[in-house]
Amino acid sequence: MLQASSVTRRFGTLTAVQDLDLSVAPGELFCLLGANGAGKTTTINLFLGFLTPDSGTVTVGGIEPSVDPKGARRQLAYISENVALYTQLTGLENIRLFCQMGGRRLDDHTLQALLDRSGLSPAQMNRRVSNYSKGMRQKVGLAIAYARETGALLLDEPLSGLDPAAASDFCSELARLRADGAAVLMTTHDLFRAKELAGTIGIMRAGRMVEVVDASTIGAHDLERLYLHHMRAPTELGSAT
């Protein structure tokens, strides 16, 4: 569903991603780990079609975002670290508006069911987003992703800043999405959540994928040691984005 083959992307003299190979199948959750500047967000933006590879290919369901960005994005839902919503609208009004902008008109009963599935209570659905916590915003983002009914989900640091309860709720929903057959690519700094959620874990450093492991074959503490080993090793590349 998501495929990057020998992808390199530069910004002037800076190589943000180099020779990246990555594949996420339906029903798979792939976690990308790495420090700030490792190239994780650049990778997400390549799949979204916001950036074009200098070499190599990126495909979403067989479509290259650089060639047909609209066709690729129709197969994607995206949740960023800070979900952008209209603060003067309620959660229900936001999801209604986003669905309409995407060409879908769903009745309120269906929209409420999507918000309920994402963990938002009926009272919260009808509150203005200006009064929402970050976790509540993320739940609206998930509901919008559900409404799109796409085959792939891109998540850029979605757990950042969430309290433990909100993070737990969010991760439970991701597990359901994976069980429903979605291909999920998530960037995170949370090694233990990555171990808990992912089928495959990739470690990026300075634009390179330096390690890919099957999450079922490594314990959380061994994953931490492996991550720190790569973060402390010498590198030939400068910082990525």
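The values are calculated or read from the model by the stated rules, or taken from the named source; none is laboratory data. These numbers come from a predicted model, not from an experiment. Please note: Cβ atoms are built from the backbone with ideal geometry, for glycine as well, and neighbour counts cover all protein chains shown. Surface areas here come from the heavy atoms of the whole protein model, side chains and all, with no ligands, DNA or RNA. Shrake-Rupley method; radii C 1.70, N 1.55, O 1.52, S 1.80 Å.
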Which pairs turn up if I take residues in region 64-80 that are touching a residue at least 60 places away in the same chain (Cβ under 8 Å) and look for partners that are of a type in the set (Gly, Ala, Ser) and in a loop (DSSP other than H, G, I, E, B) with beta carbon separation below 8 Å, at least 6 apart in sequence or on another chain?
GLN75/GLY61; GLN75/GLY151
Being crowded, with 22+ Cβ neighbours inside 10 Å and either touching a Cys at 6+ places or on another chain (Cβ under 6 Å) or small (Gly, Ala, Ser) (or both) is the filter here; which residues of region 5-25 pass it?
ALA16
Positions within region 21-56 being assigned to a strand (DSSP E or B), closer than 18 Å to THR188 by Cα and touching a residue at least 40 places away in the same chain (Cβ under 8 Å), in sequence order
LEU22, VAL24, LEU29, PHE30, CYS31, LEU32, LEU33
Would you pick out the residues in region 99-128 that are part of a helix (DSSP H, G or I), open to solvent by less than 60 Å² (accessible area, probe 1.4 Å), of a type outside the set (Ser, Thr, Tyr) and out of contact with any strand residue (DSSP E or B) (no Cβ under 7 Å at 6 or more places or on another chain)?
CYS99, LEU111, ALA113, LEU114, LEU115, GLN124
PRO234 being closer than 23 Å to ASP19 by Cα and free of Cβ contacts under 8 Å to residues at least 12 places away in the same chain:
yes
I'd like the full set of residues that are touching a Ser or Thr at 6+ places or on another chain (Cβ under 7 Å) and not small (Gly, Ala, Ser), limited to region 211-231.
VAL212, ASP214
Answer yes if at least one residue in region 131-147 is touching a Cys at 6+ places or on another chain (Cβ under 9 Å), closer than 21 Å to PHE98 by Cβ and assigned to a helix (DSSP H, G or I), and no otherwise.
yes
Against the definition (under 17 Å from ALA152 (Cβ atoms) and either surrounded by 15 or more Cβ atoms within 10 Å (Cβ to Cβ) or within 16 Å of the chain's Cα centre (by Cα) (or both)), how does GLY37 come out, yes or no?
no
Within region 138-154, the count of residues that are surrounded by fewer than 19 Cβ atoms within 10 Å (Cβ to Cβ), out of contact with any Lys or Arg (no Cβ under 9 Å at 6 or more places or on another chain) and of a type outside the set (Gly, Ala, Ser) comes to 0
